[in-house]
1. Confirm whether Val200 is touching an Asp or Glu at 6+ places or on another chain (Cβ under 9 Å), among the aliphatic types (A, V, I, L, M) and farther than 26 Å from Thr251 by Cα.
2. For Lys201, work out the one condition from (1) modelled with pLDDT of 95 or more; (2) under 16 Å from the mean Cα position of the chain (by Cα); (3) within 16 Å of the ligand (Cβ to nearest atom) it doesn't fulfil.
3. So in region 98-112, with the set limited to residues that are in contact (Cβ under 8 Å) with a residue 12 or more places away in the chain and exposed (fewer than 15 other Cβ atoms within 10 Å of the Cβ), which one is farthest from Ala36 (Cα to Cα)?
4. If Arg139 satisfies all but one of (1) open to solvent by 70 Å² or more (accessible area, probe 1.4 Å); (2) without any contact (Cβ under 8 Å) to a residue 40 or more places away in the chain; (3) not acidic (Asp, Glu), what's the number of the condition it fails?
5. Mind listing whichever residues of region 275-289 are open to solvent by less than 20 Å² (accessible area, probe 1.4 Å) and more than 14 Å from the chain's Cα centre (by Cα)?
6. Does Val264 qualify as being open to solvent by less than 10 Å² (accessible area, probe 1.4 Å) and in contact with a Lys or Arg (Cβ under 7 Å, 6 or more places away or on another chain)?
7. Kindly indicate the residue of region 113-124 that is open to solvent by less than 50 Å² (accessible area, probe 1.4 Å) and modelled with pLDDT of 95 or more and also farthest from the ligand (Cβ to nearest atom) among those meeting that condition.
8. Which residue is farthest from the ligand (Cβ to nearest atom), if the candidates are limited to region 74-97 and must be open to solvent by 60 Å² or more (accessible area, probe 1.4 Å) and closer than 25 Å to Asp130 by Cβ?
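The values are calculated or read from the model by the stated rules, or taken from the named source; none is laboratory data. Just so it is clear, the model here is predicted, and its values are computed rather than measured. In this analysis, Cβ positions are derived from the backbone assuming ideal geometry, glycine residues included, and neighbour counts consider all displayed protein chains. We work out accessible area using only protein heavy atoms, side chains counted, and drop any ligands, DNA or RNA first. Shrake-Rupley method; radii C 1.70, N 1.55, O 1.52, S 1.80 Å.
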Amino acid sequence: MSLVIVGSLALDTIETPAARRERVVGGSGTYCALAASFFTRPKVVGVVGTDFPEETLRFLRRRRIDLEGLEIRPGRTFFWEGRYGQDPNLRTTLQTKLNVFQDFRPQLPDSYRRADIIFLANIDPDLQGDILRQAVKPRLVAMDTIQYWIETKPQSLRRVLGQVDIFFCNDQEAKMLTGEVNLVRASKKILDRGPRWVVVKKGEHGVLILGRHLAFGLPAKPTEHVVDPTGAGDSFAGGFLGTLDRAGRTTPRLLCQAAAYGSVMASLAIEDFGIERFKTLTTAQVNGRFRLFQKLVSF
Ligand code: AMP
């Protein structure tokens with residue numbers, strides 16, 4: 001079993017109604033790999049600049065995340081700035097600077113090529129396509145994206161969408177991608193473009209999984225203290241795919257369990273700024289929250 005995650009490793013500036021933090025470590029690949037590391041040993045592909053903190057690289061290695069596919073290049077790390085209003089489900093992107101990502105061409109190290117699961121986290125869809133061409137018969141391919149790529153690279157995005165098994169998106173992205181306001185109709189249109197399952201994240205309203213023979217919904221794990229919603233989606237994907245990698249197969253029942261672990265990881269990630277919450281998190285805490293969540297959703 002192995003899970004390869006291709007995504008951004010970033011420095012983020014984040015503003016919430018309560019606080020502002022400058023250049024904290026974030027990125028789709030970072031959040032996803034950290035969340036997945038509670039279930040499996042993820043392998044990361046990405047690029048950072050020389051300004052990326054050495055201490056974070058050490059922390060990722062301590063969590064047994066394989067960084068063979070991570071390049072460190074002269075220059076600055078990918079930078080993203082976002083602002084949240086009172087509603088944590090809504091955010092405004094203020095700046096995106098690709099920096100070292102600008103001319104990055106991802107390479108799958110030989111030891112990654114035969115991975116069981118490939119996750120194309122939110123990065124340029126052309127790079128997502130490059131990775132797929134290098135992978136050898138993965139059992140499962142999943143992808144995520146963001147408004148930025150839907151707007152700037154719609155054709156490339158459509159091409160990758162036709163080659164994946166699972167598409168993760170949020171409700172706004174599903175609607176934007178298909179022009180449908182109804183989530184079920186939007187999801188069906190996405191399924192028509194290739195994926196076997198679409199996983200629509202609805203922020204604090206939970207998640208919906210739709211496939212040809214599966215329709216499953218879960219509420220989000222209710223959380224009173226949302227400090228920084230950044231990375232909730234990527235942490236969800238990390239918990240979800242980490243669960244599927246640990247199981248070694250994909251059944252409808254496992255997809256539902258994966259969604260529950262995904263929700264648990266998302267609820268944990270947003271309890272602190274950036275990746276801070278992962279620094280003190282233990283597997284016992286993850287499992288404890290999973291059990292609470294199980295009680296909450298069963299009747
Ligand atoms: P999420 O809140 O789960 O959607 O993920 C937020 C993370 O995605 C942040 O840490 C950002 O650094 C990263 N991010 C934002 N925009 C992009 C982009 N255009 N490409 C890649 N990563 C991005």
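1. On the way: touching an Asp or Glu at 6+ places or on another chain (Cβ under 9 Å): yes; among the aliphatic types (A, V, I, L, M): yes; farther than 26 Å from Thr251 by Cα: no.
Considered against the rule, which asks whether it is touching an Asp or Glu at 6+ places or on another chain (Cβ under 9 Å), among the aliphatic types (A, V, I, L, M) and farther than 26 Å from Thr251 by Cα, Val200 comes out as no.
2. Going through (1) modelled with pLDDT of 95 or more; (2) under 16 Å from the mean Cα position of the chain (by Cα); (3) within 16 Å of the ligand (Cβ to nearest atom) one by one, Lys201 breaks only (1).
3. First, the residues of region 98-112 that are in contact (Cβ under 8 Å) with a residue 12 or more places away in the chain: 98-101, 104-109, 111-112.
From what is left, the residues that are exposed (fewer than 15 other Cβ atoms within 10 Å of the Cβ) are 105, 107, 109, 111.
On the way: Arg105: 24, Gln107: 21, Pro109: 20, Ser111: 19 Å.
Among residues in region 98-112 that are in contact (Cβ under 8 Å) with a residue 12 or more places away in the chain and exposed (fewer than 15 other Cβ atoms within 10 Å of the Cβ), the one farthest from Ala36 (Cα to Cα) is Arg105.
4. (2)
5. Just the residues of region 275-289 that are open to solvent by less than 20 Å² (accessible area, probe 1.4 Å), to begin with: 275, 278, 281, 286.
Those that are open to solvent by less than 20 Å² (accessible area, probe 1.4 Å) and more than 14 Å from the chain's Cα centre (by Cα): Phe278, Leu281, Val286.
6. Values: open to solvent by less than 10 Å² (accessible area, probe 1.4 Å): yes; in contact with a Lys or Arg (Cβ under 7 Å, 6 or more places away or on another chain): yes.
Spelling it out, Val264 is indeed open to solvent by less than 10 Å² (accessible area, probe 1.4 Å) and in contact with a Lys or Arg (Cβ under 7 Å, 6 or more places away or on another chain).
7. Going residue by residue through region 113-124, those that are open to solvent by less than 50 Å² (accessible area, probe 1.4 Å) are 115-124.
Checking which are modelled with pLDDT of 95 or more leaves us with 115-120.
Details: Ala115: 21, Asp116: 23, Ile117: 18, Ile118: 17, Phe119: 13, Leu120: 11 Å.
Among those that are open to solvent by less than 50 Å² (accessible area, probe 1.4 Å) and modelled with pLDDT of 95 or more, it is Asp116.
8. From region 74-97, those open to solvent by 60 Å² or more (accessible area, probe 1.4 Å) are 74, 76, 83, 86-87, 90-95, 97; that's our starting set.
Filter once more, so that each one left must be closer than 25 Å to Asp130 by Cβ: 74, 76, 93, 97.
On the way: Pro74: 20, Arg76: 13, Thr93: 7, Lys97: 10 Å.
The qualifying residue farthest from the ligand (Cβ to nearest atom) is Pro74.
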